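In what follows, a structure is listed as structure tokens, so that the remarks can point back to it.
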Amino acid sequence: MRADRPSLLFIHGAGGNSAGWWQQFDHFAPHRHVVAIDLPGFGRSDLPSPDSDPVAAMVQGAAGVCEALGLTRIDLVCQSLGGWAGLRLALSRPDLVNALVLCCTLAGIAHPPGLAAFREATAHMDERGPAALGLQPQFEIDEPAKALLYRHIAAANAPLDPAWGQRLFAPEVLIAPGRLAELAAPATLIMGACDPIWPPDSLTGMLATAGAREVVMPGAGHSPYFEQPGAFNAVLADALGVPA
């Protein structure tokens, strides 16, 4: 850590865990103090208690890591499911979050096009949930070793509880778009042009009241950080003002 710059905290999606950010660590470590967490129930983190609020557990987990490491300012990067935790942390802790980057995520916002897109996408998922659509079919053909690595990373997670997943979309959990005006940190929304879960037309304008910048990555699916690390890292570096 350095006092003159924020740390860089990554929060993964439902098909990953902290290990999935290996291509970002390699790129950003020379410029930032980089941290990635395992959300509760993912990677090496313990499962949340059955009676706990899953969203609150994620937010508390992220905040707890920051407290344990002594982080006082962070640039926060969230993929898919991680957006649920990251957006709420940014809203509740403006003193902590310096900048917010949301990637391929509805972030638990009551945005009708995004909710409709997810409902449609569930018809194409299997028991893995969103992880089933994490990689594009062509990527699995072109990059079989990296696709296998992606599946091994996902296999380190406990099986997703369907009830837990449904809770993420409960009306009382979703954030009203008007509340996004409270977001103090500058925000960037990265979208994959070919994302089968949240295509750009389902997310565009979602963060308008927060004045967020929107970036659509051509040819990218739901996991641009993994499939297109060079392009993703360039977009992220630009958003955070870090050397590309």
Exercise. Please name all residue pairs, on different chains or six or more residues apart, with Cβ atoms under 8 Å, provided the first residue is in segment 14-43 and is free of Cβ contacts under 8 Å to residues at least 24 places away in the same chain and the second residue is of a type outside the set (Val, Ile, Thr) and in a loop (DSSP other than H, G, I, E, B).
Key: Pro40/Asp46; Pro40/Leu47; Pro40/Pro48
Quiz prompt | Hits in segment 209-221 - residues which are of a type outside the set (Gly, Ala, Ser) and either in contact with a helix residue (DSSP H, G or I) (Cβ under 6 Å, 6 or more places away or on another chain) or assigned to a helix (DSSP H, G or I) (or both) | solution = Thr209, Val215, Val216, Met217
Exercise. Quickly run through segment 131-164 and pick out the residues that are touching a Cys at 6+ places or on another chain (Cβ under 7 Å) and without any contact (Cβ under 8 Å) to a residue 24 or more places away in the chain.
Key: none
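Glu182 - would you say it is out of contact with any Asp or Glu (no Cβ under 6 Å at 6 or more places or on another chain) and at pLDDT 95 or above?
Judged against the criteria, Glu182 is a match.
In this structure, is Met206 in a strand (DSSP E or B) and either closer than 27 Å to Pro40 by Cβ or of a type in the set (A, V, I, L, M, F, W, C) (or both)? Lay out the reasoning, then the answer.
Details: in a strand (DSSP E or B): no; either closer than 27 Å to Pro40 by Cβ or of a type in the set (A, V, I, L, M, F, W, C) (or both): yes.
Taking the combined requirement at face value, the residue does not satisfy it.
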Self-check item: Residue that is most open to solvent (accessible area, probe 1.4 Å), among those in segment 177-214 that are of a type in the set (A, V, I, L, M, F, W, C) and farther than 20 Å from Ala90 by Cα
Solution: Cys194
Quiz prompt | Where a residue in segment 165-188 is more than 26 Å from Gly129 (Cβ to Cβ) and its partner, wherever it lies, is modelled with pLDDT under 95 and hydrophobic (A, V, I, L, M, F, W, C), with Cβ under 6 Å and at least six apart | solution = none
Exercise. Output yes when any residue across segment 134-153 is surrounded by 15 or more Cβ atoms within 10 Å (Cβ to Cβ), at pLDDT 95 or above, touching a Lys or Arg at 6+ places or on another chain (Cβ under 6 Å) and under 29 Å from Thr204 (Cβ atoms), and no when none is.
Key: no
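The values are calculated or read from the model by the stated rules, or taken from the named source; none is laboratory data. These figures come from a predicted structure and were not determined experimentally. Please note: Cβ atoms are built from the backbone with ideal geometry, for glycine as well, and neighbour counts cover all protein chains shown. The protein model used for the area step is the full one, side chains on, heavy atoms only, and it has no ligands, DNA or RNA in it. Shrake-Rupley method; radii C 1.70, N 1.55, O 1.52, S 1.80 Å.
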